[in-house]
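Visitor: Can you read through this structure? Questions will come right after.
The values are calculated or read from the model by the stated rules, or taken from the named source; none is laboratory data. The shown structure was predicted, so the numbers you read here are calculated from the model rather than taken from an experiment. When we count neighbours, we look across all protein chains shown, and the Cβ atoms used for this are built from the backbone with ideal geometry, even at glycine. Accessible surface areas use protein heavy atoms only, side chains included; no ligands, DNA or RNA. Shrake-Rupley method; radii C 1.70, N 1.55, O 1.52, S 1.80 Å.
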Amino acid sequence: MLKRTLAAVAGLALSLSIAPTHAADALRVSAIPDEAPTELIRKFEPLGKYLEKELGMPVQFTPVSDYAAVVESLALDRLDLAWLGGFTFVQTRLKTGDAIPLVQREQDERFTSKFITADPKVTTLKDLEGKTFAFGSVSSTSGSLMPRYFMLKDGIDPERFFKRIAYSGAHDATAAWVEAGKADAGVLNASVWDKLVAAGKVDPDKVRVISTTPPYYDYNWTVRGNLDPTLVEKIKTAFLELDPANPEHKKILDLQAATRFIETRPENYEGIEEAARAAGLLK
């Protein structure tokens, strides 16, 4: 089943990468694959239907196989709107020069990452010296870049400190690796950790949080810079009008792990760019 799912996603990603640029008869949407593709589709479905109603046009969601595919597709005008992490937004902005971050969840102003372990002898990050460690994707803001940045600031060089480093590819995969003993510890974003615990998909009696990063800006919904300005405003308004007091809207917000959406701007992500350059991930 997993192989079939991944094959389907790869096929969708391929079709997206070779699709010609066309008039905006449908809003083309994607997201960084920071969770399993089936979960991304489940989360987006009601939001997509809401956007279709508010915008008066079809909305097409296409999952992609990796973070770079989202950046490249926005740069080549093969996507109109994408859910990006802070680092992928910075990469997109540098590549395009005009990508526009529209909105973010309220908690994305002060986002954090959680360091987790299933080893009962580990109580602090310092206890992980010489052990195995799992990041998410190399391009993940909350699953790699910012945790690495804060570790370096605390005098921990991951390549020297840990016995071995691996990249799980997604936050939920990192939690699964740690619980299964595939890695002694790992790091994932706080939102996914809370969701996994609430859903019973990780046992907090086995896997524990041992440290939390300082806050930073993270996720946002970004549009390509040359999208019709009238459509851009309609998209922004649709997100900002999602009201938790409305039961239909609350279902959408809950799936997005959002209390509400607020406006954001490029300047909010200057700290992410600084961290990426300090970590040698941007030249």
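Residue by residue, here is whether (1) of a type outside the set (F, W, Y); (2) under 20 Å from the mean Cα position of the chain (by Cα); (3) closer than 30 Å to D154 by Cβ holds:
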| site | (1), (2), (3) |
| --- | --- |
| A170 | yes, yes, yes |
| T174 | yes, yes, yes |
| D184 | yes, no, yes |
| S191 | yes, yes, yes |
| A198 | yes, yes, yes |
| K201 | yes, yes, yes |
| V223 | yes, yes, no |
| T237 | yes, no, no |
| Q256 | yes, yes, no |
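Visitor: Also: Considering only residues that are acidic (D, E) and at pLDDT 95 or above, look in the range 204-239 and name the one that is nearest to A82 (Cα to Cα). It would help to see each step written out before you state the result.
Guide: Step one: of the range 204-239, the residues acidic (D, E) are 205, 218, 228, 233.
Those left that are additionally at pLDDT 95 or above: 218, 228, 233.
Details: D218: 14, D228: 16, E233: 15 Å.
Going through the qualifying residues, I end up with D218.
Visitor: Separate question: Report, by residue number, each residue of the range 220-235 that is surrounded by 16 or more Cβ atoms within 10 Å (Cβ to Cβ) and not polar (S, T, N, Q).
Guide: Step one: of the range 220-235, the residues surrounded by 16 or more Cβ atoms within 10 Å (Cβ to Cβ) are 220-225, 227, 231-232, 234-235.
Once the filter is applied, which keeps residues that are surrounded by 16 or more Cβ atoms within 10 Å (Cβ to Cβ) and not polar (S, T, N, Q), the range 220-235 yields W221, V223, R224, G225, L227, L231, V232, K234, I235.
Visitor: Please work out which one of (1) in a loop (DSSP other than H, G, I, E, B); (2) under 20 Å from V70 (Cα atoms) is the condition A257 fails and give its number.
Guide: Failing condition for A257: (2).
Visitor: From the list A275, A238, A258, which one is open to solvent by less than 60 Å² (accessible area, probe 1.4 Å) and within 15 Å of S142 (Cβ to Cβ)?
Guide: Result of the check over A275, A238, A258: A275.
Visitor: Mind checking which pairs have a first residue in the range 81-97 that is in contact (Cβ under 8 Å) with a residue 24 or more places away in the chain and a second that is of a type in the set (D, E, K, R) and in a helix (DSSP H, G or I), Cβ under 7 Å, 6 or more apart or different chains?
Guide: Qualifying pairs under 7 Å: V90/E273.
Visitor: While we're on this one: Of all the residues that make up the range 92-104, how many are open to solvent by 30 Å² or more (accessible area, probe 1.4 Å) and either of a type outside the set (S, T, N, Q) or in a strand (DSSP E or B) (or both)? Step through it out loud before you land on a result.
Guide: Here is the first cut: in the range 92-104, the residues open to solvent by 30 Å² or more (accessible area, probe 1.4 Å) are 93-98, 100.
Still in the list and also either of a type outside the set (S, T, N, Q) or in a strand (DSSP E or B) (or both): 93-95, 97-98, 100.
The total comes to 6.
Visitor: Taking only pairs six or more apart or across chains, which ones have beta-carbon atoms under 9 Å, a first residue in the range 232-249 that is more than 13 Å from R105 (Cα to Cα), and a second residue that is assigned to a helix (DSSP H, G or I) and open to solvent by 60 Å² or more (accessible area, probe 1.4 Å)?
Guide: K234/E54; I235/E54; T237/E54; A238/K53; A238/E54
Visitor: Which of (1) at pLDDT below 95; (2) assigned to a helix (DSSP H, G or I); (3) open to solvent by less than 10 Å² (accessible area, probe 1.4 Å) is the odd one out, the single condition Q107 does not satisfy?
Guide: So Q107 meets the others, but not (3).
Visitor: Using beta carbons and a limit of 7 Å, which pairs, at least six apart or on different chains, have the first residue in the range 172-186 and under 11 Å from K131 (Cβ atoms) and assigned to a helix (DSSP H, G or I) and the second one open to solvent by 50 Å² or more (accessible area, probe 1.4 Å) and modelled with pLDDT of 95 or more?
Guide: No pair meets every condition.
Visitor: What number of residues within the range 196-208 satisfy the criterion of being touching a helix residue (DSSP H, G or I) at 6+ places or on another chain (Cβ under 9 Å) and open to solvent by 60 Å² or more (accessible area, probe 1.4 Å)?
Guide: 3
Visitor: May I pose another question? Could you list, in sequence order, the residues of the range 187-210 that are outside any loop (DSSP other than H, G, I, E, B) and farther than 23 Å from A258 by Cα? Lay out the reasoning, then the answer.
Guide: Here is the first cut: in the range 187-210, the ones outside any loop (DSSP other than H, G, I, E, B) are 187-198, 208-210.
Across the range 187-210, the qualifying residues are R208, I210.
Visitor: Does the range 31-76 hold any residues that are closer than 25 Å to D98 by Cβ, open to solvent by 10 Å² or more (accessible area, probe 1.4 Å), at pLDDT below 95 and charged (D, E, K, R), and which are they?
Guide: D66
Visitor: Looking at the range 127-137, can you tell me whether even one residue there is open to solvent by 30 Å² or more (accessible area, probe 1.4 Å), out of contact with any strand residue (DSSP E or B) (no Cβ under 9 Å at 6 or more places or on another chain), more than 20 Å from Y269 (Cα to Cα) and of a type outside the set (A, V, I, L, M, F, W, C)? Spell out the reasoning first.
Guide: Of all residues in the range 127-137, those open to solvent by 30 Å² or more (accessible area, probe 1.4 Å) come to 127, 129-131.
From the residues that got through so far, the ones that are out of contact with any strand residue (DSSP E or B) (no Cβ under 9 Å at 6 or more places or on another chain) too are 129-130.
Filter once more, so that each one left must be more than 20 Å from Y269 (Cα to Cα): 129-130.
Still in the running and of a type outside the set (A, V, I, L, M, F, W, C): 129-130.
So far as the range 127-137 goes, yes, one or more of its residues are open to solvent by 30 Å² or more (accessible area, probe 1.4 Å), out of contact with any strand residue (DSSP E or B) (no Cβ under 9 Å at 6 or more places or on another chain), more than 20 Å from Y269 (Cα to Cα) and of a type outside the set (A, V, I, L, M, F, W, C).
Visitor: Follow-up question, since we're still on this one. Being modelled with pLDDT under 95 and either outside any loop (DSSP other than H, G, I, E, B) or of a type in the set (A, V, I, L, M, F, W, C) (or both) is true for just one of L282, L242. Which residue is that? Give the derivation first.
Guide: Values: L242 fails: modelled with pLDDT under 95.
Result: L282 is the single residue among L282, L242 that is modelled with pLDDT under 95 and either outside any loop (DSSP other than H, G, I, E, B) or of a type in the set (A, V, I, L, M, F, W, C) (or both).
Rundown of residues vs (1) in contact (Cβ under 8 Å) with a residue 60 or more places away in the chain; (2) within 27 Å of L74 (Cβ to Cβ); (3) more than 19 Å from the chain's Cα centre (by Cα), yes/no style:
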{"site": "Y216", "(1), (2), (3)": "yes, yes, no"}
{"site": "P229", "(1), (2), (3)": "no, yes, yes"}
{"site": "I252", "(1), (2), (3)": "yes, yes, no"}
{"site": "T259", "(1), (2), (3)": "yes, yes, no"}
{"site": "G271", "(1), (2), (3)": "no, yes, no"}
